[in-house]
Every structure is written in structure tokens, then in C-alpha cells.
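The values are calculated or read from the model by the stated rules, or taken from the named source; none is laboratory data. The model shown is predicted, which means the values in this text are computed figures rather than measured ones. As a convention, Cβ positions derive from the backbone with ideal geometry for all residues, glycine included, and neighbour counts pool all protein chains shown. What goes into the accessible areas is simple: the full protein's heavy atoms, side chains included, and nothing from ligands, DNA or RNA. Shrake-Rupley method; radii C 1.70, N 1.55, O 1.52, S 1.80 Å.
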Amino acid sequence: MERINVTRSSMPSFEEYCEEIRPLWESRWLSNRGAISKEFEQQLQSKLGPKHIALFANGHVAMEVAIDAFHFPKGSEVITTPYTHCSTTHAIVRNGLKPVFVDVNEKDLTIDVNQIEKYITPKTVAIVTTHVYGYICDVEALDAIAKRHNIKVIYDAAHAFGVTYNGKGIAEYGDAAMFSCHATKVFHTIEGGIVAFKDDKVFSQVDILTNFGFVDAEHVAYVSTNARMNEYEAAMGICNLRHLDDEIAKRKAAAEVYNRMLGNVPGIKLIQPQPNVVMNYSYYPVFFDGYKRNRNEVQALLAEHNIFARKYFYPITPDLDCYAAEYGQLDNIPVARHAADTVLTLPMYADLTPEQAKHICEIILS
Ligand SMILES: *Cc1c(COP(=O)(O)O)cnc(C)c1O
């Protein structure tokens, strides 16, 4: 039987991609913001909304540079979520900042905005948190908290490309929003990352920080990294952007099969759609909580049928080996821990047919 992974990259046609990269054989401008990158930036700007768009080699380094661009004092505290890819936390820590973990809410597993303020201290400079699985954070509450305490909000929107709220692109919320364009995401550039920024001054730092800290040919102002996207990646982005609506519609069709077959099963919990949000169906998390089989058993059963669901996000970040000594004993994050212990993300990608989704459900329900 054909192997079904949790995700599978979508591709434009070979001809479409070749057409897009053809000019490179003439220009020999392969990286460093060539014509293709500039065109891609413009398209993204009209797609995503905010004034400033920057392209990066991948989502993680995009987040590192985005945080760095605010020049927070080293040792400052950053409120964050424990229920995310470790990248979110790594980006904070690698900037010399201290993560302060606040639990997620039970409804959609984004950061619990009602608990944030008790963790804010004079050293808090920002909230860095994730629109997990493409479910959006309570962006209005986060805005209000940030205003009240004069801190920044930076979103890990790696899962949320194409998501809108109240008719506005999700990148319109917060001071910066990072999208991962990794091959496995809803929208990809093979490897890549995008950050949308609001502030002119912050954005003015981004080009410099993306290019080793060079201010001009003879002046390097910061000890920074190389975080550039190349022209081949931007070309893939231009192609995939043309097909985004189709990509999301196909994912939706698979999600609807899952919803229908798993939506009313005792012991299986799903996250409900959020009001006024247009989703992108980036992941399909299912929580086995009191079901006849536990999460690990369901995962093993699917694997016997050559279907590979994943435990995103288990273990939660504070429990990972590199953080456990400092944060592994945290007892203020029970909701995140419980989600991590029960979650399985089912296969979800554009080429997953409704018949395959049905087959997966039948195995789970058998
Ligand atoms: C994929 C992902 C990242 C990292 O993005 P890359 O492009 O793979 O570097 C960061 N945060 C979250 C939540 C992700 O899922």
C-alpha cells in the first residue's frame, strides 16, 4: 500500500517553474535580492497587507532576525507559548533573551491571554507566540496587553499563511509576523521565510541584519548572520502563490471528511473553527482523550497501514532535552502538557484525496 505521510509538498508544473527561473541564465543574479525576489516581495505585499515584507533563507532564521531587529536589551524577558515548534523558543534564546512560558487555552491551544499579565515584569519586552496549526491567537487581547505594558507582539505565523481574520490578513496584527515557507508548509519556497513588519525603523534594520550586519561595503555594525533567500526559492514562491487558493481548497475538502467522520466520536476532540477566521487547513490535529485507544496506540495502528501521523507538538518545548534542566519542572502549563500527551496530527496536504482521508478515519474508528 502507498505510504501516506503527515505532509507532502505541492509543486507547480515543471514547465511553469522553468519559465520563472529562465531569466537567471541571462542575469546571473542568483541571490541578494535580484529581480525575482523583488517581484515576489511586491506580490506578497499585496497578498499579506503590511507595509514591509522581508524574505529569508528559512522561517527560523527569519524569526531570529525579526526579533534581533528590535534590539531588545540582552537578558530581557519574552512571554511565549510552550506549545509550538522549538524554533519559536530557540529564536528567543539565541537572541540572548529569556523565555517565560505561559500556558495555552483549552479551546484552540494558542497562548492563554488571561494569564499573561501576571507574568509581565519590568524586564518584559515582548510577547512572541504562535498561531498554532493556523488557529489564530486572540490578537485583539494581545494588542491591548502590549499597549498597556508598552511591549511588542511578534507572531510565529509559520502555520498561518493565507489565514484572514475579519477580512484582514493575519500579518496585519502585531508588530511583526513570520511565515515559514518550508517545503512542508501550506505555501512554500522550498526553504524560505517571510516577515511582515509594521515599523519603518525596525524594518530599516532588517536588510543589514540579513546580510552579516553590513551597513555598506566597508562598515559592519552588528555581529549578524546570513539569512538571505535566493532567486530559485523566490521563483518557487511566485509559482506557488498562483496556486494558493487551489491548495487551500483541496486541503479543506480533506478536512471536511475528517470533520464529518471524527467530529462526533466520544473521546476524540477536535479544535472548532474560530469565528470570523478564514482557515488555511495547514494541519489537522486530533486529540485522543478518553478514546478506546490512546494516542500512541492510534499512531502505531496507522503506521501498520503505512500511514504516518505525527505528534505535533510532543514533547512541549520546555520538556525538550536542551531546555529541561531549566524549564522541565514547570507546573504552570498543564493544558499544553495534556494537549501534547493526547495529540496526533493526521495527514494533511493538497494531494490527500477525500477517499484517503476516509480510509484514515476508518482505521482510527475500527
Ligand atoms: C516550520 C516552523 C518553524 C520553522 O520554519 P523553517 O522554515 O522550517 O525554519 C517555526 N515555527 C513553527 C511553528 C513551525 O511550524
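Is it the case that the stretch 70-89 has a residue that's open to solvent by less than 50 Å² (accessible area, probe 1.4 Å), at pLDDT below 95 and more than 16 Å from the ligand (Cβ to nearest atom)? Checked against the condition, which is being open to solvent by less than 50 Å² (accessible area, probe 1.4 Å), at pLDDT below 95 and more than 16 Å from the ligand (Cβ to nearest atom), the stretch 70-89 yields no hits at all.
With the condition kept exactly as written, say whether any residue in the stretch 130-142 is under 29 Å from Val286 (Cβ atoms) and open to solvent by 30 Å² or more (accessible area, probe 1.4 Å). Yes, because at least one residue in the stretch 130-142 is under 29 Å from Val286 (Cβ atoms) and open to solvent by 30 Å² or more (accessible area, probe 1.4 Å). Among all residues of the stretch 175-186, there is none that is over 30 Å from Thr353 (Cβ atoms), without any contact (Cβ under 8 Å) to a residue 12 or more places away in the chain, outside any strand (DSSP E or B) and away from the ligand (no atom under 16 Å from the Cβ).
Summed over the stretch 235-285, residues that are surrounded by 14 or more Cβ atoms within 10 Å (Cβ to Cβ), within 21 Å of the chain's Cα centre (by Cα) and in a loop (DSSP other than H, G, I, E, B) total 9. Checked against (1) open to solvent by less than 50 Å² (accessible area, probe 1.4 Å); (2) under 20 Å from Asp112 (Cα atoms); (3) modelled with pLDDT of 95 or more; (4) not acidic (Asp, Glu), Gly328 meets all criteria but (3).
Only residues that are part of a helix (DSSP H, G or I) and either open to solvent by 50 Å² or more (accessible area, probe 1.4 Å) or in contact with a Ser or Thr (Cβ under 7 Å, 6 or more places away or on another chain) (or both): list them for the stretch 1-18, please. If the condition is that a residue be part of a helix (DSSP H, G or I) and either open to solvent by 50 Å² or more (accessible area, probe 1.4 Å) or in contact with a Ser or Thr (Cβ under 7 Å, 6 or more places away or on another chain) (or both), then Phe14, Glu15 are the ones that fit. Within the stretch 225-240, residues that are over 18 Å from Met11 (Cβ atoms) have Cβ atoms under 8 Å from residues that are of a type in the set (Lys, Arg) in these pairs: Arg228/Arg33, counting only partners at least 6 apart in sequence or on another chain. Taken over the stretch 29-65, the criterion of being assigned to a loop (DSSP other than H, G, I, E, B) and over 23 Å from Asp156 (Cβ atoms) is satisfied by Trp29, Leu30, Ser31, Asn32, Arg33, Gly34.
If the condition is being open to solvent by 10 Å² or more (accessible area, probe 1.4 Å) and among the charged types (D, E, K, R), then the stretch 143-171 contributes Asp143, Lys147, Arg148, Lys152, Lys168.
Inspect all residues belonging to the stretch 253-266 and state whether any of them is out of contact with any Leu (no Cβ under 7 Å at 6 or more places or on another chain), closer than 24 Å to Ala183 by Cβ and at pLDDT 95 or above. Checking the stretch 253-266: at least one residue is out of contact with any Leu (no Cβ under 7 Å at 6 or more places or on another chain), closer than 24 Å to Ala183 by Cβ and at pLDDT 95 or above. Scoring Ala221 on the criteria (1) closer than 20 Å to Leu55 by Cα; (2) open to solvent by 20 Å² or more (accessible area, probe 1.4 Å) leaves a single failure, condition (1). Condition check for Trp29 on (1) surrounded by 22 or more Cβ atoms within 10 Å (Cβ to Cβ); (2) over 27 Å from Gly169 (Cα atoms); (3) among the hydrophobic types (A, V, I, L, M, F, W, C): one failure, at (1). Do we have any residue at all in the stretch 196-214 that's within 12 Å of the ligand (Cβ to nearest atom) and touching an Asp or Glu at 6+ places or on another chain (Cβ under 9 Å)? Within the stretch 196-214, not a single residue is within 12 Å of the ligand (Cβ to nearest atom) and touching an Asp or Glu at 6+ places or on another chain (Cβ under 9 Å). For the stretch 51-63, the condition holds for no residue, the condition being that it is farther than 24 Å from Thr129 by Cβ and surrounded by 17 or more Cβ atoms within 10 Å (Cβ to Cβ). Condition check for Ala157 on (1) touching a residue at least 60 places away in the same chain (Cβ under 8 Å); (2) in contact with a strand residue (DSSP E or B) (Cβ under 8 Å, 6 or more places away or on another chain): one failure, at (1).
Yes or no: Phe179 at pLDDT 95 or above and open to solvent by less than 50 Å² (accessible area, probe 1.4 Å)? Judged against the criteria, Phe179 is a match. When every residue of the stretch 141-164 is checked against the conditions, at least one turns out to be of a type in the set (D, E, K, R), assigned to a strand (DSSP E or B), closer than 27 Å to Pro273 by Cα and within 16 Å of the ligand (Cβ to nearest atom).
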